[in-house]
Amino acid sequence: EEEIPAEWASQAADLRHTMLEAVAEFDEELLDLYLHDKPIPEEVIRRAIRKGTVANKINPVLVGSALKNMGVRRLLDAVVYYLPSPLDRPPAVGFQGGNKNQQIEVVCDPHKPLVALAFKVVSDKHGDLYFLRIYQGTLSKGVRVYNPNRKTKENITRLFHMHAADRFLIDSAGAGDIVAALGLKDTLTGDTLCDSKEDIMLETITFPETVISMSIEPVSAAERNKLGEALNTLRKEDPTFKYKYDTETGQTIISGMGELHLEILQNKLIRDLGVKVRVGKPRVAYKEAILKAAEGEGKFIRQTGGRGQYGHVVIRIEPLFAQDGHYAKENEFENAIIGGSIPKEYIPAIENGVMEGLSSGSLAGYPVVGVKVTLLDGSFHAVDSSELAFEQAAIIALRDLLPKADPVILEPVMRVQVIVPEQYFGAVQGNLVSKRGEITNSHVHGGVRVIDAKVPLGEMFGYSSQIRSATAGRGTFTMEPLNYERVPEQVSEKILMGSY
């Protein structure tokens, strides 16, 4: 380490005294040495800083540059010196059998049954590498573990300690360790792995909904199988990425968190996974909802000789809202039948039909969200009734009721933060407002203007180029999904006409 230049020595000494005063309250030995103006060993200072950091009373600040490789080692040392270890943290919460009502403490003890979390997946030529944090117990190579999220057992064939890109083979690791493992097949990011004799599930990681999608297709038939494998690889690595096959158009649709996210996924498919693809124009992932309740029935009756098909349901649909006042992200099904008008064995089929009916709305075929469906009544035939018949009856009922419940279109709204020099504030703010944006906060920080806003995703396409142009390349922005909100009437008409 270099000596502090003479011209800065006085200021450095003053700042050191300020630091010692701030941390002295966390360590009696340091306080005593400081008050008696005695030399203070480095380990005593580090201990005091650590106590204050773990208590969440102070935040150590370090300087450096990753680009110039300056201060990186000091930063990593500070992680070891000051940040809390697993033993400093309260026990994690697990659920026995995935039941939220049966909470158990998961403690950092290598002698208790294994509980670990898969928090990252990296695919390479040697197979999928799973990064695991061990919360409890000990994990060894060659063991068989249970994944309660997927209801399946997995094999751990190899274990590694990772050092950047280098792997060091190990036999086992205990509570508090972070390791990488090979051999897992069905595990996804956010899944729990536990002792095969236990059924303990950690709280699952909640990922935001996808808000944008685009079609993707291989450039040739030879690339088709490669595309399927590559999409599965991306899904394992990135839980915010989704894909599906559209049976109506014959296209594969990929979905993500934003325009940049899809661009990165596309580049990864081509560059890293070697799949040649063509992509369509990004499309906003709209949804549909209803404004009022409606009640009706659905019948599915077929008689073609021999045993027929008979299913009859009476249902009510109504809007379902979350605590924040927005439409609920999921739909809800309730069986309110009292008595035996429909046998219990057909109820799951009716629920499946309800969810199928809500997968495509009556306005433009977008998924319907925020709906509570209540099964009120129905009838069955002792011979002709079947699960298929009741599932179809529920679909028929939904298709009849959705248009009667005043359907509306919902659009994804993004939380946007724009950072620009002060002289561009007025123009940038006006541009956001013109995009149907709502400015939620604006303040000056570090000599630049920070603007927080809510803006519909449909208005943000191409904004990277717009902000660069409007600020001579000096403006930056970030955005993330916030919620879904009802589309204004004039915009809804444009969406339905395909002109928006």
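The values are calculated or read from the model by the stated rules, or taken from the named source; none is laboratory data. What you see is a predicted model; the values in this text were computed from it and never measured. Neighbour counts are summed over all protein chains in view; Cβ atoms, including those assigned to glycine, are modelled from backbone coordinates with ideal geometry.
Details
- Scoring Val106 on the criteria (1) among the β-branched types (Val, Ile, Thr); (2) exposed (fewer than 13 other Cβ atoms within 10 Å of the Cβ); (3) touching a residue at least 60 places away in the same chain (Cβ under 8 Å) leaves a single failure, condition (2).
- Condition met for Lys226 (touching a residue at least 40 places away in the same chain (Cβ under 8 Å) and in contact with an Asp or Glu (Cβ under 7 Å, 6 or more places away or on another chain)): no
- Of all residues in the stretch 200-218, none satisfies the criterion of being modelled with pLDDT of 90 or more, in a loop (DSSP other than H, G, I, E, B) and surrounded by fewer than 20 Cβ atoms within 10 Å (Cβ to Cβ).
- Residue within the stretch 264-277 that is outside the structural domain of Tyr484 (by TED's automatic domain parsing) and either assigned to a strand (DSSP E or B) or on the phi > 0 side of the Ramachandran plot (or both) present: yes
- Unique match (being at negative phi, out of contact with any strand residue (DSSP E or B) (no Cβ under 9 Å at 6 or more places or on another chain), outside the structural domain of His163 (by TED's automatic domain parsing) and modelled with pLDDT of 95 or more) among Ile58, Ile49, Ile40: Ile49
- Unique match (being touching a Leu at 6+ places or on another chain (Cβ under 9 Å) and not charged (D, E, K, R)) among Leu67, Leu117: Leu117
- Scanning the stretch 481-489 turns up at least one residue that is under 24 Å from Ile290 (Cβ atoms), exposed (fewer than 13 other Cβ atoms within 10 Å of the Cβ) and within 31 Å of the chain's Cα centre (by Cα).
- Condition check for Tyr500: touching a residue at least 12 places away in the same chain (Cβ under 8 Å), in contact with a Lys or Arg (Cβ under 7 Å, 6 or more places away or on another chain) and either closer than 20 Å to Tyr366 by Cα or of a type in the set (Phe, Trp, Tyr) (or both): yes
- Total residues in the stretch 232-252, condition out of contact with any Gly (no Cβ under 9 Å at 6 or more places or on another chain) and more than 21 Å from Ile205 (Cβ to Cβ): 6
- Some residue of the stretch 11-22 being out of contact with any Phe, Trp or Tyr (no Cβ under 7 Å at 6 or more places or on another chain) and assigned to a loop (DSSP other than H, G, I, E, B): no
- When the stretch 160-187 is filtered for residues that are assigned to a strand (DSSP E or B) and under 27 Å from the mean Cα position of the chain (by Cα), the ones remaining, listed by number, are Phe160, His161, Met162, His163, Ile178, Val179, Ala180, Ala181, Leu182.
- Some residue of the stretch 172-193 being in contact with a helix residue (DSSP H, G or I) (Cβ under 9 Å, 6 or more places away or on another chain), at pLDDT 90 or above, of a type in the set (Lys, Arg) and closer than 22 Å to Val122 by Cβ: no
- Any helices (runs of 4 or more DSSP H) falling wholly within the stretch 382-500 and containing at least 2 residues that are modelled with pLDDT of 95 or more: 387-401, 425-434
- Condition met for Asp109 (of a type in the set (Asp, Glu) and in a strand (DSSP E or B)): no
- Neighbours by Cβ (under 6 Å, 6+ apart or cross-chain): first from the stretch 232-255, assigned to a strand (DSSP E or B); second aromatic (Phe, Trp, Tyr): Thr252/Tyr245; Ile254/Tyr243
- Counting the residues of the stretch 323-358 that are in contact (Cβ under 8 Å) with a residue 60 or more places away in the chain and either basic (Lys, Arg) or closer than 19 Å to Ala293 by Cα (or both) gives 3.
- Just so you know, in the stretch 328-341 the residues that are crowded, with 17+ Cβ neighbours inside 10 Å and at pLDDT 95 or above include one that is nearest to Phe380 (Cα to Cα), and it is Phe333.
- Matching entry among Tyr82, Tyr135, Tyr146, Tyr130 (being farther than 22 Å from Leu188 by Cα and buried (at least 17 other Cβ atoms within 10 Å of the Cβ)): Tyr82
- Leading residue by the ranking (surrounded by the most Cβ atoms within 10 Å (Cβ to Cβ)) among those in the stretch 1-58 that are β-branched (Val, Ile, Thr) and more than 27 Å from Ser85 (Cβ to Cβ): Ile4
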